Amino acid sequence: TDASKQFNDYRVSQEVKPVGELLATQTFAKIAENDIRWYTMQAVPGDTVAFKLSQPATMQLFAPSGEEVFKTSESASVNWNGIHTWENGTYYLAVHDVTGSQSTMKLEYMHMDKYAVLSYTPEEVGVVEGNFYIQLFGNGYDKLTRAQLVNNGNTLTAEIIHVKDISNAILQFSFISNDSPRGNFNLVLDFADSTETKCITIENAVTIAD
């Protein structure tokens, strides 16, 4: 197909020989003119991936089918940019046409699963009758269906899930009295879409104290 033509052209003009699987950070000598540095990464539909270089160059990401699914170059390549992946398998990242002048380069890579919790606040709440809130940062919150705090049979269920965007959500809980149970509670998040369901549990995520 036209979408996969460039990847196939690369494979004809020179061997696609990855130097390795992408790590969070890799440093290497400046890529020579007319050369391409290849990396691989694994992804499933719904994952989020992003890339950033230390000096301007061109980056292209090819899906397992060979389709180019992402491209950045020049000054945009030194800022975080990325996509959601929609194929399962091995992706190929090509780095080439460096326009910077530094002798070494750094490539940074970030990968978030389809459903993920990267951070949350607060980690402790005091028992005061009324509402309290937990803010989440991660991925997939547009598919978050239920959130609970669980401890030894005691369960608090979020009354409202405020989804700001796919990466940010606010959970609204409430204490109906000052006699609510204390202790360390697991945060249990249930996600669902048309193809799968998933539960993420963060052990001892929140302390409920006096």
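The values are calculated or read from the model by the stated rules, or taken from the named source; none is laboratory data. What you are looking at is a predicted structure, and each value in this text was computed from that prediction instead of being measured. Note: ideal-geometry Cβ built from the backbone for every residue, glycine included; neighbour counts use all protein chains shown. Just the protein is used for accessible areas: all its heavy atoms, side chains included, with ligands, DNA and RNA removed. Shrake-Rupley method; radii C 1.70, N 1.55, O 1.52, S 1.80 Å.
Yes/no per residue for (1) at pLDDT 85 or above; (2) under 25 Å from the mean Cα position of the chain (by Cα); (3) hydrophobic (A, V, I, L, M, F, W, C); (4) on the phi > 0 side of the Ramachandran plot:
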{"residue": "Ser13", "(1), (2), (3), (4)": "no, no, no, no"}
{"residue": "Leu23", "(1), (2), (3), (4)": "yes, yes, yes, no"}
{"residue": "Thr27", "(1), (2), (3), (4)": "yes, yes, no, no"}
{"residue": "Ile31", "(1), (2), (3), (4)": "yes, no, yes, no"}
{"residue": "Ile36", "(1), (2), (3), (4)": "yes, no, yes, no"}
{"residue": "Thr40", "(1), (2), (3), (4)": "yes, yes, no, no"}
{"residue": "Gly46", "(1), (2), (3), (4)": "yes, yes, no, yes"}
{"residue": "Phe51", "(1), (2), (3), (4)": "yes, yes, yes, no"}
{"residue": "Ser54", "(1), (2), (3), (4)": "yes, yes, no, no"}
State yes or no: is Glu203 of a type in the set (Asp, Glu), within 22 Å of Ala43 (Cβ to Cβ) and either at pLDDT below 95 or assigned to a strand (DSSP E or B) (or both)? no
Of all residues in the range 29-41, which are in a strand (DSSP E or B) and not hydrophobic (A, V, I, L, M, F, W, C)? Arg37, Tyr39, Thr40
Residues of the range 42-88 being touching a residue at least 60 places away in the same chain (Cβ under 8 Å), within 19 Å of Gly140 (Cβ to Cβ) and either touching a Phe, Trp or Tyr at 6+ places or on another chain (Cβ under 6 Å) or assigned to a strand (DSSP E or B) (or both), which ones? Ala43, Pro45, Thr48, Val49, Ala50
Against the condition among the polar types (S, T, N, Q), over 30 Å from Asp35 (Cβ atoms), without any contact (Cβ under 8 Å) to a residue 60 or more places away in the chain and open to solvent by 40 Å² or more (accessible area, probe 1.4 Å), how does Thr145 come out, does it pass? yes
Pairs under 6 Å by beta carbon, first residue closer than 30 Å to Ala205 by Cα in the range 92-121, partner open to solvent by 60 Å² or more (accessible area, probe 1.4 Å) and in a strand (DSSP E or B), six or more apart or different chains? Glu108/Thr25; Tyr115/Lys198; Leu118/Phe137; Ser119/Phe137; Thr121/Gln135
Pull up the range 157-200, narrow it to residues that are closer than 15 Å to Asp142 by Cβ and in a loop (DSSP other than H, G, I, E, B), then point me to the one that is least open to solvent (accessible area, probe 1.4 Å). Ser167
When you go through Lys106, Lys114, Lys71 one by one, which is the residue that is among the basic types (Lys, Arg), open to solvent by less than 70 Å² (accessible area, probe 1.4 Å) and either farther than 25 Å from Glu196 by Cβ or touching a helix residue (DSSP H, G or I) at 6+ places or on another chain (Cβ under 9 Å) (or both)? Lys114
Hey, Gly138 crowded, with 16+ Cβ neighbours inside 10 Å and either more than 27 Å from the chain's Cα centre (by Cα) or modelled with pLDDT under 95 (or both) or not: yes
So which of Lys164, Lys114 is modelled with pLDDT under 95, within 17 Å of the chain's Cα centre (by Cα) and more than 30 Å from Gln26 (Cα to Cα)? Lys164
May I ask you to list pairs of residues, at least six apart or on different chains, whose Cβ atoms are under 9 Å apart, with the first in the range 174-188 being hydrophobic (A, V, I, L, M, F, W, C) and the second being part of a loop (DSSP other than H, G, I, E, B)? Phe175/Val127; Phe175/Val128; Phe175/Glu129; Ile176/Glu129
